[in-house]
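Below: one structure, written as structure tokens.
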Amino acid sequence: MCSEKVLPSLSLRSLPIAPSAPENQLPGVRRLARRELPIDTEALARYLVGKTLVHQTPAGLIGGRIVETEAYVVGDAACHAFRGQTPRNRSLFLERGHAYVYFIYGCWFALNVVGGKAGIGTGVLLRALEPIFGIDAMRRRRPAASLRDLTRGPGRLATALGIDRHHNGLDLCGQGSLWLGASIRPVGTVGVSSRIGLTREAERLLRFYERDNLYVSGPKSLNR
DNA sequence: AGCCAGATTTTCT
DNA sequence: GAAAATCTGGCTA
């Protein structure tokens, strides 16, 4: 079922950050600067595990710890940029730290952090969060989901945070309403596996996750 | 707990 | 016209 159709009134948009934004009430969450992001996309995917994703919405601050990512790299047939630039994937060719949001399976949005230098076309899919901020607001967007399933999977993550095509191309390292934050707690062991849901280049080990974290998606066999 | 079918629409061939 | 970086509910391989 498409949550867009079920809950059209809950499709909230971003708002600009006010000077007294609630992020000031979260001293542990510092915005990441672009220079902190590894230029290599595989390194970026590993680096982002344990970092924070935050979205300031009219319903409040929503976000959590990134616990699962996948890298889509240069020369990778599974990467949306593999066959060159098109209207759909053009934001993948921005400088690293921007958002690439795409619509998939007729139902869902998925959020990527663009990797590499401008013009290259690589990214990191954010596959799962550990919910930390705004859990009530997430539940309102996904009323049928258990806490564990609120943000476990790329489509669920985007829905729970209110991310859609309006966020495509935004700078996640700027002063906007959607941003990457530093770790709020040390990251555990980072596991590596093949990526999920692919037909092409399915064997490459480009998925990264925090081991033993309850909020990681995928079959048990991939999460050892 | 695990597997399967159906939903739904954009995008490119 | 087919495939797609998925999710949900229902059924039991």
Suppose we filter A:Ala71, A:Ala77, A:Ala128, A:Ala110 for residues that are within 22 Å of A:Glu201 (Cα to Cα), part of a loop (DSSP other than H, G, I, E, B) and within 10 Å of DNA strand C (Cβ to nearest atom); which single one remains? A:Ala77
Just to check your reading of the model, which residue among A:Gly134, A:Gly162, A:Gly181, A:Gly169 is of a type outside the set (Ser, Thr, Tyr), in contact with a helix residue (DSSP H, G or I) (Cβ under 8 Å, 6 or more places away or on another chain) and buried (at least 20 other Cβ atoms within 10 Å of the Cβ)? A:Gly162
Listed residues A:Gly84, A:Gly75, A:Gly63, A:Gly119; which is out of contact with any Asp or Glu (no Cβ under 6 Å at 6 or more places or on another chain) and in contact (Cβ under 8 Å) with a residue 60 or more places away in the chain? A:Gly63
Within segment A:129-148, track down each residue that is away from DNA strand B (no atom under 14 Å from the Cβ) and not hydrophobic (A, V, I, L, M, F, W, C). A:Glu130, A:Pro131, A:Gly134, A:Asp136, A:Arg139, A:Arg140, A:Arg141, A:Arg142, A:Pro143
List every residue pair whose Cβ atoms lie under 7 Å apart, where the two residues are 6 or more positions apart in sequence or sit on different chains, the first residue falls within segment A:94-116 and is free of Cβ contacts under 8 Å to residues at least 24 places away in the same chain, and the second residue, located anywhere, is assigned to a strand (DSSP E or B) and buried (at least 19 other Cβ atoms within 10 Å of the Cβ). A:Val114/A:His98; A:Val114/A:Tyr100; A:Val114/A:Gly123
Single match in A:Thr122, A:Thr199 (criterion: among the polar types (S, T, N, Q), crowded, with 23+ Cβ neighbours inside 10 Å and closer than 25 Å to A:Val73 by Cβ): A:Thr122
Of the residues that sit in segment A:89-98 and are more than 10 Å from DNA strand C (Cβ to nearest atom), part of a loop (DSSP other than H, G, I, E, B) and within 24 Å of A:Gly162 (Cβ to Cβ), which one is nearest to the chain's Cα centre (by Cα)? A:Gly97
Looking at (1) closer than 26 Å to A:Pro219 by Cα; (2) in contact (Cβ under 8 Å) with a residue 12 or more places away in the chain, which is the only condition A:Ser91 fails? (1)
Considering A:Gly50, A:Gly64, which residue is at pLDDT 95 or above, in a loop (DSSP other than H, G, I, E, B), in contact with a Pro (Cβ under 8 Å, 6 or more places away or on another chain) and surrounded by 15 or more Cβ atoms within 10 Å (Cβ to Cβ)? A:Gly50
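The values are calculated or read from the model by the stated rules, or taken from the named source; none is laboratory data. Just so it is clear, the structure is predicted and the values come from calculations on it, not from any experiment. Cβ sites come from the backbone with ideal geometry, for glycine too, and all protein chains shown count toward neighbours.
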